[in-house]
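Q: Starting off with a structure, shown below.
The values are calculated or read from the model by the stated rules, or taken from the named source; none is laboratory data. Please read all numbers here as calculations on a predicted model, not as lab measurements. Every residue, glycine among them, receives a Cβ derived from its backbone with ideal geometry; neighbour counts consider all protein chains shown. All accessible areas refer to the heavy atoms of the entire protein, side chains included, with ligands and DNA or RNA removed. Shrake-Rupley method; radii C 1.70, N 1.55, O 1.52, S 1.80 Å.
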Amino acid sequence: MNPTTPTDRRTTRWADHREQRRADLIHVARRLIHTDGPDVTMAAIAAASGTSKSIVYRYFQDKDDLKQALGESILTRMRDRLIEGVRAGSTPEESICTMVRMYVDAAASSVNVYNFVTQPSEGLSQFLDDCADLVAQSMAGRLPEDRLHAWSAGVIGFVNAAFRWWMDSDRTMNRQQITDFILTSILSGVIYDDNDSPGALRGNF
């Protein structure tokens with residue numbers, strides 16, 4: 001086996017340094033978007049990072065490149081949390097409840113960041129597809145295969161649409177109430193008798 005040369009070690013160190021520097025700049029950009037909104041400038045990101053705009057451009061081709069990297073970073077972190085939610089649930093319903101609560105909590109923690117990452121993009125499309133797959137996995141065996149995937153895709157669409165409506169509304173419901181409404185709607189439906197429990201799937205599947 002060939003020993004590692006000094007050049008190899010320097011190359012590895014530089015790659016690690018570059019990756020860490022990119023991560024640091026993404027973190028700064030996320031913080032600025034949280035406080036100032038999604039239209040922060042590269043100059044502002046550079047200033048907050050204690051560097052120059054030209055240095056920022058060494059790591060990102062342009063603002064769109066930085067926005068894409070930031071979006072992918074946030075969505076990856078959210079997806080990882082949702083995977084934890086699936087693992088945490090001992091029943092399909094509990095898994096879905098945990099995932100929805102995690103999603104709402106993460107999204108509601110920063111309106112600006114939520115609006116930023118939900119702008120149409122390939123990264124967002126992949127994230128939504130991954131979420132639908134997670135929902136389908138958690139409900140495997142509860143529905144026929146074709147209806148399972150139709151239901152899981154519908155669930156993700158409903159969660160996103162209902163939550164965005166809440167974010168843009170006058171918020172007559174608080175965060176817990178909108179979360180409970182979303183869960184009741186996807187697990188039980190909105191039409192049920194007083195004696196029905198909103199914790200289990202019903203309907204003629």
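Q: Efficiency by 1/(1 + (r/R0)^6): what FRET value for SER169 and SER109, r their Cβ-Cβ distance, R0 = 22 Å, to the nearest 0.05?
A: Numbers: r = 18 Å, r/R0 = 0.82.
Approximately 0.75, to the nearest 0.05.
Q: Please compute the net charge surrounding ILE45, taking Lys and Arg as +1 and Asp and Glu as -1 over other residues with Cβ under 14 Å from its Cβ.
A: +2
Q: Let me ask something additional. Apply the Karplus curve 6.51 cos²θ - 1.76 cosθ + 1.60, θ = phi - 60°, to the phi angles in region 23-33 and return the couplings in whole Hz, x for Gly and Pro.
A: Result, rounded to whole Hz: 4, 5, 5, 4, 4, 5, 4, 4, 5, 5, 4.
Q: Another one. When ligands, DNA and RNA are left out and all protein chains stay put, how many square angstrom of accessible area per residue does region 62-181 have with a 1.4 Å probe?
A: The answer is 51 Å² per residue.
Q: To the nearest 20 Debye, how big is the dipole of region 31-92 about its Cα centre, given +1 on the beta carbon of each Lys and Arg and -1 on that of each Asp and Glu? It would help to have the intermediate numbers written out before the result.
A: Values: 9 positive and 8 negative charges, 37 e Å.
In debye, rounded to 20, region 31-92 gives about 180.
Q: What are the ³J(HN,Hα) couplings of region 111-121, residue after residue, when phi is run through the Karplus curve with 6.51, -1.76, 1.60 and θ = phi - 60°? Round to Hz, x for glycine and proline.
A: Residue by residue, region 111-121 yields 4, 5, 5, 4, 4, 5, 6, 8, 5, x, 6 Hz.
Q: Two decimals, Cα atoms only, Kirkwood Rh: what is Rg/Rh over region 1-132?
A: Rg/Rh: 1.08.
Q: Whole Å is fine, so just give me how far the alpha carbon centre of region 146-186 lies from that of region 59-102.
A: 17 Å
Q: To the nearest 0.05, how large is the calculated FRET efficiency for SER52 and SER121 if R₀ is 35 Å and r is the Cβ-Cβ distance?
A: 0.80
Q: Per-residue counts of other Cβ atoms within 10 Å, averaged by peptide: what ranking do you get for 101-113, 134-146, highest first? Each step should come with its number before you reach the end.
A: Details: 101-113: 16.9, 134-146: 15.3.
The most tightly packed comes first, giving 101-113, 134-146.
Q: If you roll a 1.4 Å probe over the chain with all protein chains in place, what percent of the accessible area is carbon or sulfur?
A: Whole-percent figure for carbon plus sulfur exposure: 50.
Q: Spelling out what I want: for every residue of region 100-106, take phi, set θ = phi - 60°, compute 6.51 cos²θ - 1.76 cosθ + 1.60 (Karplus), and round to whole Hz; glycine and proline get x.
A: Couplings: 5, 5, 4, 5, 4, 4, 5 Hz.
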